[in-house]
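The values are calculated or read from the model by the stated rules, or taken from the named source; none is laboratory data. Since the model is a prediction, treat every value here as computed from it, not as a measurement. A quick note on method: Cβ atoms are made from the backbone with ideal geometry, for glycine too, and the neighbour counts reach across all protein chains shown. Only protein heavy atoms, including side chains, enter the accessible area calculation; ligands, DNA and RNA are left aside. Shrake-Rupley method; radii C 1.70, N 1.55, O 1.52, S 1.80 Å.
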Amino acid sequence: MKRSSKRFFAAVLAAVTLITASASISASAAETETGAPVAVNEAVEEVAAPADDAQEAVAAVEETGEVAASVEKSDAVSEPEQQEDAPVIGRVTGLGKNTVNVNNINLVWNKVNGATGYIIYRCSADYDRGYFNPVAKVKTNSHNDTGLVQGCPYYYKVAAYVEKDGKTYEGEPTLYRTATQPANVSGLGRVKTSSTNTISWNRNYKATGYKIFRACAATKNQYVFLKTIESGATTSFQDTNISKGNVYYYKVVAFRVLYNVNWYHSGGSTVCCMGGLSVDDYIYNSQLYKVTLTWSRNPYATRYDVYYSENKDAVRYTPAGSTTGTSLTTNTRFPNGKLLYFRVYPIYKKNGITITGTATTKAITVSNKVYGVATPNTYVEVCISQQRMWFFKNGKLIVDTPVVTGTKYVNDTPKGYFSMYQRATDTVLTGPGYASPVDYWMAFCGGCGIHDASWRSSFGGSIYTYNGSHGCVNTPYNAVRTIYNNTTYGTPVIVY
């Protein structure tokens with residue numbers, strides 16, 4: 001068929017514009033949990049099928065072969081033959097999408113009278129460079145196209161076909177353009193919660209940018225739009241308009257600009273912050289292969305969770321302990337000289353809501369020294385404040401037991417780095433006004449030592465504040481026997 005040059009180039013221009021353009025869809029992520037904010041609903045804009053003149057332009061481009069937009073036919077479909085008895089095949093109408101998400105698009109259309117079935121062709125605007133490839137041959141008037149790329153524009157052609165006298169005749173295709181939703185942002189978390197709230201997330205490689213929404217008591221827990229981030233490479237947001245002690249919910253929505261007008265949106269990823277819920281700094285000390293952390297109290301925290309890692313940038317840190325106080329000593333013993341990274345997270349928990357604050361990461365080198373002396377792998381350790389004693393042999397924990405030390409402020413057990421200098425079994429301990437027979441005795445400082453105390457029915461707790469010893473470390477029988485049988489003269493005894 002001959003066409004004028006003017007009409008031909010107009011058709012080419014229309015087709016190229018059509019193939020490089022893009023469409024839009026909006027989505028929202030509803031919050032359904034009790035007490036959680038209600039999501040902002042955004043209107044979904046349907047993409048209409050191209051007008052007849054646009055389809056004619058695409059057909060003209062395909063006829064010339066001068067632009068790579070040819071329709072690849074499947075082997076099962078033969079070219080219509082020009083013969084008098086060729087069937088008349090109606091064109092597909094009502095082509096559109098039923099549902100669309102990150103990885104699939106569900107197409108629907110009106111049935112064509114007399115059609116045996118339908119052929120579906122697909123072109124990815126990002127990857128296929130204008131070529132349509134056959135993806136399905138169906139008998140029904142719908143097709144769920146799966147395995148697609150998130151946030152990607154797609155063009156579809158759907159044509160009815162008729163099988164007659166052993167031959168397949170395909171009608172004129174109808175063109176439709178749409179796109180998958182961008183994937184939700186991942187890695188959304190708090191960076192800093194002080195006088196400002198700073199959040200960050202992982203980059204969505206298909207996103208043109210991101211939309212930020214916020215919900216709080218002032219908005220009656222309804223999400224309100226805050227800002228559009230125009231660059232997909234920007235993956236953080238700082239909210240300066242906050243009040244300390246208030247709870248804020250943030251929702252981050254990735255979008256891709258298509259057709260230079262509308263946006264295709266992901267669902268919303270959410271994170272909860274409390275203004276001022278942070279532990280900005282803390283002091284630390286390492287001795288006896290352990291680490292002790294001390295920090296200032298946060299007025300909004302109900303407890304503190306401590307974590308550590310060998311890798312500063314690790315995704316997950318290992319729990320080291322939890323406390324309602326402002327100091328924690330790790331139970332875990334680490335190798336001497338080991339470099340570790342610690343974080344102290346303030347936790348707010350009230351009225352069924354749990355919020356984790358932010359922490360500063362500290363690098364700490366583990367030390368085996370205590371009182372300025374390097375401790376070997378075999379030693380006895382006594383903690384007066386915890387009323388507990390541990391015995392390590394060759395670095396392995398052998399005994400972990402409650403004890404009773406000297407009566408507080410009256411006969412305090414001496415603190416320091418000592419060594420066993422006297423050992424005995426089946427002996428009597430004497431002093432002003434008392435004589436106490438014991439089965440095991442290990443002296444470490446003056447008249448103070450570690451021994452069993454058959455006259456006690458319980459150990460640990462606050463007993464030492466009102467009914468402590470004369471300065472010795474009263475120990476349950478089985479524990480003291482194990483320590484005696486595994487130590488010797490010179491075994492270190494550390495009391496603190």
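Across the accessible surface of region 326-372, with the other protein chains kept in place and a 1.4 Å probe, carbon and sulfur atoms take up 44 percent. Computed over region 212-306, relative contact order equals 21 percent, with contacts defined as Cα pairs under 8 Å that lie 6+ residues apart. When the surface is traced with a 1.4 Å probe over the full set of protein chains, Arg303 keeps roughly 70 Å² accessible.
Label zone (Tyr371, point 7 Å along Cα-to-C-beta; backbone nitrogen cut-off 13 Å) within region 396-434: 413-421. Sorting the Cα pairs of region 227-317 by distance into bins of 10 Å, from 0 upward, gives 11, 28, 30, 19, 9, 3, 0 percent per bin. Compared with the alpha-carbon gap, the fully stretched path from Asp165 to Thr228 is longer by 16.7 nm at 0.36 nm per residue.
For the residues Tyr205, Tyr155, Tyr308, a 1.4 Å probe over the protein chains yields an accessible-area ranking, largest first, of Tyr205, Tyr308, Tyr155. Estimated at the nearest 10 Å², the accessible area of Ser278 is 10 Å² with a 1.4 Å probe.
Largest accessible area first, the listed residues Glu163, Glu310 line up as Glu310, Glu163 when surface is computed with a 1.4 Å probe on the assembled protein chains. Rolling a 1.4 Å probe over the protein heavy atoms leaves Phe225 with an accessible area of roughly 100 Å². For region 448-456, 3J(HN,Hα) computed residue by residue from phi via the Karplus equation (6.51, -1.76, 1.60; θ = phi - 60°) reads 9, x, 9, 7, 6, 9, 5, 7, 9 Hz, glycine and proline entered as x.
If you plug the beta carbon distance of Ile283 and Lys408 into 1/(1 + (r/R0)^6) with R0 = 22 Å, you get a FRET efficiency near 0.30.
A simple spin-label model places pseudo-atoms 7 Å from Cα toward Cβ; at Asn486 and Ser322 they are separated by 3.0 nm.
Going down the list Lys338/Lys362; Lys251/Lys350; Lys362/Lys396; Lys157/Lys206; Lys369/Lys408; Lys211/Lys349, which pairs span over 20 Å between their C-alpha atoms? It would help to have the intermediate numbers written out before the result.
Working: Lys338/Lys362 14 Å; Lys251/Lys350 22 Å; Lys362/Lys396 27 Å; Lys157/Lys206 24 Å; Lys369/Lys408 26 Å; Lys211/Lys349 29 Å.
Those over the limit are Lys251/Lys350; Lys362/Lys396; Lys157/Lys206; Lys369/Lys408; Lys211/Lys349.
The 3J(HN,Hα) values that the Karplus relation (6.51, -1.76, 1.60; θ = phi - 60°) gives for region 468-476 are, in residue order, x, 8, 7, x, 7, 9, 6, 9, x Hz. Gly and Pro appear as x. Please work out the FRET efficiency for the pair Asn478 and Arg303, using the Cβ-Cβ distance as r and a Förster radius of 35 Å; give the result to the nearest 0.05. Step by step, r from the Cβ atoms, then E = 0.55. Taking a point 7 Å from the Cα of Asp126 along the Cα-to-Cβ direction, the residues of region 217-256 with backbone N closer than 13 Å to it are 255-256.
Treating r as the C-beta distance of Ala435 and Lys312 and R0 as 60 Å, the FRET efficiency rounds to 0.55.
Spin-label pair Ser236-Cys383: with each label point 7 Å from Cα along the Cα-Cβ axis, the two points sit 3.6 nm from one another.
Averaging the sequence gap over all C-alpha pairs within less than 8 Å and six or more residues apart, then dividing by the number of residues, gives region 335-448 a relative contact order of 14 percent. Using a cutoff of 8 angstrom between alpha carbon atoms and counting only pairs six or more residues apart, the relative contact order for region 326-385 works out to 31 percent.
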